[in-house]
1. I'm checking my understanding of the structure. Among residues of the stretch 227-254 that are open to solvent by 30 Å² or more (accessible area, probe 1.4 Å) and assigned to a strand (DSSP E or B), which one is farthest from Ile297 (Cα to Cα)?
2. Pull out all pairs, ordered by first then second residue, where Cβ-Cβ is under 7 Å, the residues are six or more apart or on different chains, the first lies in the stretch 221-242 and is touching a residue at least 60 places away in the same chain (Cβ under 8 Å), and the second is of a type in the set (Gly, Ala, Ser).
3. Anything in the stretch 255-272 that is among the hydrophobic types (A, V, I, L, M, F, W, C) and over 17 Å from Gly192 (Cβ atoms)? List them, or say none.
4. What pairs come up if the first residue lies in the stretch 113-125 and is free of Cβ contacts under 8 Å to residues at least 24 places away in the same chain and at negative phi, the second is of a type outside the set (Ser, Thr, Tyr) and in a loop (DSSP other than H, G, I, E, B), and their beta carbons are under 6 Å apart, counting only those six or more places apart or on different chains?
5. Go through the stretch 74-94 residue by residue and tally those that are open to solvent by 90 Å² or more (accessible area, probe 1.4 Å), among the aliphatic types (A, V, I, L, M) and either modelled with pLDDT of 95 or more or assigned to a loop (DSSP other than H, G, I, E, B) (or both).
6. Identify, please: which residue in the stretch 147-170 is farther than 17 Å from Phe96 by Cβ and touching a residue at least 24 places away in the same chain (Cβ under 8 Å) and is, among those, least open to solvent (accessible area, probe 1.4 Å)?
7. Identify all residues within the stretch 102-122 that are under 24 Å from the mean Cα position of the chain (by Cα) and part of a loop (DSSP other than H, G, I, E, B); write none if there are none.
8. When you check Ala260 against the structure, is it assigned to a loop (DSSP other than H, G, I, E, B) and open to solvent by less than 20 Å² (accessible area, probe 1.4 Å), yes or no?
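The values are calculated or read from the model by the stated rules, or taken from the named source; none is laboratory data. Here the structure is a predicted model, which is why all the values come from computation and not from measurement. Reconstructed Cβ throughout: ideal geometry from the backbone, glycine too, with neighbour counts over all protein chains shown. Only protein heavy atoms, including side chains, enter the accessible area calculation; ligands, DNA and RNA are left aside. Shrake-Rupley method; radii C 1.70, N 1.55, O 1.52, S 1.80 Å.
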Amino acid sequence: MDLNDSNMRENSKKPGDSTSQHGNENEENEIHDEIEDEIEIIEMNDEDVLDAEMDDMGLDEDENDNNEEEDDDDDEEEIECDPFLLKLEGHTGAIFCLDVSANNSLIATGSEDDTAMVFHSQNAEIVLKCQGHKDSVTCVRFSHDSQYLATGDLSGLIKVWKMASKEEIWSFELSDLEWLQWHPKGLVLFAGTVDGQVWMWKGPQFVETKTMQGPNAACSAAVLVNQDRCLCCGYGDGSLRIWDLKSAAVAHSLTDRHHAHEGQVNCIDCSTEFNLIATGGLDGIVELVQSNNGKFITKLDCRPRGGEGSSQQQRREGEDEEDAEERENKNSIESVALASR
């Protein structure tokens, strides 16, 4: 049979053809009966039938409730699970600072309890307890070779500990300490104080000393720049100075009101690859400066849009100095970091 004959036969069937309609109805009824035979309809309102079905499946409401409680217990256990790999214990006060040795084997902490501690990084065993400080220990720093640890407290007492013998080998007392750090390539220790001084000692005897006197404001942050031959320091008055370590003289500075921060410099970072310095201040501003010549590049305003300037420029009506300072501190830049690329 060709397609034309098939089409002609289909077209020859009339819509009212009773034979065709009865045949289709019979087929549908047969299919419907078969489906009913295979499907068992459960009335959901019939509790007896539903309970019987659950019994056949080996389930009951109590088991369901128990399963839900077990799931809740599992969730609670997961929440209570300690998320850390290592727990350092031994201090009796808050921990203010932490450093990890260059070889990753030791962890040093400084605490409100006037002590510093050194822990083994693998098992949290206490390797050394550094005692003898007069105030909270706020600075702990390992030397570049992991052989020495410098600790400093709020009163300005600095101690150096030799890790091989686990003993104190040197101490020095100055005015209130702001920060402490080692040179990344040699045994040279730096410290900044609240009176604006920068100290430099050369180890291992720490007898050779240099000082660099800044403005009458705290030296609040520092970073080594220019192949570690210079030290860039930020101060409480918002100024920036780059010190030549060999001569202990200022190589470059940003002190004018157009370029300096309007308030303390809180943090500094540098990119040696691009000779770039980034500073963050209490004023909510990040400044970019070239490290090799001290040239100012730009300011990045990180304060909320529509926010007011510093309290030195603007103060709300009826606002006292303390309230203005608290409001200003909310915009303070506490950390900056420059990527190498």
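1. Step by step, filter the stretch 227-254, then rank; the result is Ala249.
2. Val225/Ser291; Asn226/Ser291; Cys230/Ala251
3. Here is the first cut: in the stretch 255-272, the ones among the hydrophobic types (A, V, I, L, M, F, W, C) are 260, 265, 267-268, 270.
Of everything in the stretch 255-272, just one residue is among the hydrophobic types (A, V, I, L, M, F, W, C) and over 17 Å from Gly192 (Cβ atoms), namely Ala260.
4. What qualifies is Asp113/His91; Asp113/Gly93.
5. We begin by selecting, within the stretch 74-94, every residue open to solvent by 90 Å² or more (accessible area, probe 1.4 Å); these are 76-80, 82-85, 87, 89, 92.
Subset that is among the aliphatic types (A, V, I, L, M): 79, 85.
Those still in the list that are either modelled with pLDDT of 95 or more or assigned to a loop (DSSP other than H, G, I, E, B) (or both) too: 85.
The total comes to 1.
6. Of all residues in the stretch 147-170, those farther than 17 Å from Phe96 by Cβ come to 147-148, 160-170.
Checking which are touching a residue at least 24 places away in the same chain (Cβ under 8 Å) leaves us with 148, 160-161, 163, 166, 168-170.
Working: Tyr148: 29, Val160: 0, Trp161: 16, Met163: 18, Lys166: 96, Glu168: 74, Ile169: 66, Trp170: 33 Å².
This residue is Val160.
7. Step one: filter the stretch 102-122 for residues under 24 Å from the mean Cα position of the chain (by Cα), giving 102-112, 116-122.
Of everything in the stretch 102-122, those that are under 24 Å from the mean Cα position of the chain (by Cα) and part of a loop (DSSP other than H, G, I, E, B) turn out to be Ala102, Asn103, Asn104, Ser105, Glu112, Ser121, Gln122.
8. On the way: assigned to a loop (DSSP other than H, G, I, E, B): yes; open to solvent by less than 20 Å² (accessible area, probe 1.4 Å): yes.
Judged against the criteria, Ala260 is a match.
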